[in-house]
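The structure under discussion appears below in the form of structure tokens.
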Amino acid sequence: MDRIRLLIHFYSAVKKSFYFLALCLLAAVSAGLSSCRTVPLTGRSQFILTSLEEEKSMGLTAYKQYKAKFGTSSNTTYNAALRRCGAAIVKATEYTAYDWEYTVFQSSTQNAFCLPGGKIAVYSGLMDLMKNEAELAFVVSHEVAHALARHSGEQASWEKLQSLGSSILASNAESTAAASAYQKATELGVMLPFSRKHEYEADKIGMILMAKAGYKPSAAIEFWSRFTKGSNAGFLDGWMSTHPCDDDRIAAMRANLPEAEAAYAKASSRKEYGMSL
């Protein structure tokens, strides 16, 4: 019940703070800060304040830090597979603004990322769970999709507006309570759903990219179903998370499959599941 009351309180705060969020948007536009861009392959319009060069610089700095922290894996099979499918996916993007690089980090962490600027990394702990190259292709293409869609820059841009909204509200309120409520409300009402939207979008773009690169897109569903087995969150946990709950995510992948399979049918070279890992 406490959680339900908290959600109701946040919803009320969102309604009361809409006027101030509108002021934030108007301020950004009038100051000449707003910038519109279309996400490749989905056609969604996005709002970005950061420049591509800023994002690439931040990505390169972070990549160097990760390399220093984890070190690269000596597993020749993993390294060769990442270079091979990474190069195929990057070619499928037809995007030349990034300096792409592929690294397997030696760590039991079950994760992967692609930083702004095209720095792709997969932890050996995640590679250990993969059956074949097509499953790796989905993980890599999902992360590449985040970079291609400039999700980090988009998220940072909305965080700037959120911060501006809090400042405006605090300057017009008798106390900081309203500003605090606004911050929490926009986190649940705007920022977290936006992060989940990015995950869905990266899955869709990723499935299309892996298909264009010649890998069976159905491998994405096979891997994610196995990887997340038994880990599905409840509705409230999923709603308060930056990632969609697993059942919703897999359902969205199934909905994306026909479009991805159409791209696979047109691929110049079909690798199916690729090499075993």
Enclosed volume per residue, in Å³, of the convex hull spanned by Cα atoms of segment 62-106:
63
With x for Gly and Pro, the residue-by-residue ³J(HN,Hα) of segment 102-115, computed from phi through the Karplus equation 6.51 cos²θ - 1.76 cosθ + 1.60 at θ = phi - 60° and given in whole Hz, is 10, 9, 9, 8, 7, 6, 6, 4, 9, 7, 7, 7, 9, 6
For a 19 Å ceiling on Cα separation, which of these pairs sit above it: K160/K204; K216/K266; K64/K212; K56/K119; K204/K266; K64/K119?
K160/K204; K64/K212
What are the residues whose amide H is under 5 Å from the amide H of F105, where those residues sit 5 or more places off or on another chain and H is modelled from the backbone?
S73, V122, Y123, S124
Which of the three applies to segment 49-128, rounded, prolate or oblate, going by the alpha-carbon gyration tensor with a ≥ b ≥ c and a/c under 1.5 meaning rounded?
oblate
Whole-Hz Karplus ³J(HN,Hα) for segment 137-146, in order, using 6.51 cos²θ - 1.76 cosθ + 1.60 and θ = phi - 60°, x for Gly and Pro?
4, 5, 4, 5, 5, 4, 5, 4, 4, 4
Multiply the residue separation of S51 and Q110 by 0.36 nm, subtract the distance between their alpha-carbon atoms, and state the gained length in nm to one decimal.
18.2 nm
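Taken together, the values in this text are just the output of simple stated rules run on the coordinates, not laboratory data. The model shown is predicted, which means the values in this text are computed figures rather than measured ones.
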